[in-house]
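Below is one structure, written out as structure tokens, with a few remarks after it.
The values are calculated or read from the model by the stated rules, or taken from the named source; none is laboratory data. Because the structure is predicted, anything quoted here is derived from the model rather than measured. As a convention, Cβ positions derive from the backbone with ideal geometry for all residues, glycine included, and neighbour counts pool all protein chains shown.
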Amino acid sequence: MTDRARNEHADEVREFLSSHRARITPQQAGLPALNVKRRVTGLRREEVALLAGMSIDYYIRLERGNLSGVSDSVLDSLSHALQLDDAERAHLYDLARATRASERRSPAASGRIRPVVLRMLDAMIDLPAFIHNGRFDILAANSLGQAVHAPVYDSPLFAQRSPVNIARFLFLDPGSAVFWPEREKAASDTVAFLRTETGRSPRDKGLTDLIGELSTNSAEFAQLWARHDVKFHRSGVKQLHHPVVGDLALPYEALDLPADPGLHISVFSPEPDSPARQALDLLASWSAPARHLK
């Protein structure tokens with residue numbers, strides 16, 4: 001790891017630990033409430049050290065960004081002290097793993113979709129589906145998947161560049177406020193997903209470039225990025241407003257493609273006979289029957 005990368009990684013560790021320490025009150029941590037004026041928000045360093053069963057000097061070393069040689073048991077104790085959820089705990093492990101990484105970069109997702117995966121995508125004629133990487137580039141979509149994301153594909157942002165990117169559209173195209181009725185939630189979730197991806201893929205230049213671009217051009221993104229939230233992108237309900245069929249509440253599952261590291265397939269699957277299902281049936285009759293690649 002170069003000196004610059006080492007310093008950037010230390011900053012990431014320090015800000016992640018300090019921001020999560022600040023979120024927990026002594027009462028939430030089960031510490032006795034003392035009638036003493038506190039000068040910090042959340043827990044003090046010595047309180048985290050006490051809760052994690054380590055010396056204050058050792059915890060200070062960790063919060064300064066030095067996770068080298070840290071054992072899993074220490075990471076578990078720290079996760080418990082900071083009350084990290086599963087995604088936050090996994091991110092802490094990713095940060096520790098990065099300190100042990102060699103100079104050789106991990107291979108990034110190539111973006112090439114295998115024919116068998118494309119056939120599977122096309123076979124989902126009744127369900128919107130698309131393939132994306134951790135940066136939320138849409139690399140392939142079936143006909144209904146492209147139709148659902150028509151405002152993204154039609155954005156002027158992508159007139160001269162490809163592939164289309166959901167995060168870029170969300171933060172840089174004013175039309176995203178119409179497409180996502182719950183835009184604040186969509187924005188915070190997307191930033192948390194990207195922060196999680198930086199832990200998994202710290203040497204992904206495309207991801208670093210995207211974050212730099214969004215931080216420079218979107219004050220909203222920069223503010224959310226500074227919160228150091230992380231979240232798994234696995235399942236949920238997308239609330240969208242489509243220009244043709246109106247409001248859509250679409251349950252989704254995001255599935256990893258194990259043979260293609262870094263690639264994922266997201267599938268929307270509403271309940272039979274639900275308003276969302278009826279809207280998708282209408283959209284299917286409106287959309288073109290062609291798969292869209294990049």
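Observations on the structure shown:
- Top-ranked residue in region 181-229 [being of a type in the set (Lys, Arg) and part of a helix (DSSP H, G or I); ranked as farthest from GLY262 (Cα to Cα)]: ARG183
- Test: residue in region 123-140 that is under 20 Å from GLU213 (Cβ atoms), of a type in the set (Phe, Trp, Tyr), surrounded by fewer than 20 Cβ atoms within 10 Å (Cβ to Cβ) and modelled with pLDDT of 95 or more: no
- Filter result for the condition that a residue is within 17 Å of TYR93 (Cβ to Cβ) and either part of a helix (DSSP H, G or I) or at pLDDT below 95 (or both), over ASP76, ASP57, ASP11: ASP76
- Failed condition for GLY30, given (1) farther than 27 Å from ALA5 by Cα; (2) surrounded by 12 or more Cβ atoms within 10 Å (Cβ to Cβ); (3) among the small types (Gly, Ala, Ser): (2)
- Scanning region 230-237 for any residue that is of a type in the set (Phe, Trp, Tyr) and assigned to a helix (DSSP H, G or I) turns up nothing.
- Within region 238-268, being small (Gly, Ala, Ser) and either without any contact (Cβ under 8 Å) to a residue 12 or more places away in the chain or in a loop (DSSP other than H, G, I, E, B) (or both) holds for ALA259, GLY262.
- Answer from LEU214, LEU210, LEU240 - the residue that is under 19 Å from PRO181 (Cα atoms), surrounded by 15 or more Cβ atoms within 10 Å (Cβ to Cβ) and not β-branched (Val, Ile, Thr): LEU240
- Filter result (surrounded by 15 or more Cβ atoms within 10 Å (Cβ to Cβ) and farther than 30 Å from LEU92 by Cα) within region 176-201: SER176, PHE179, TRP180
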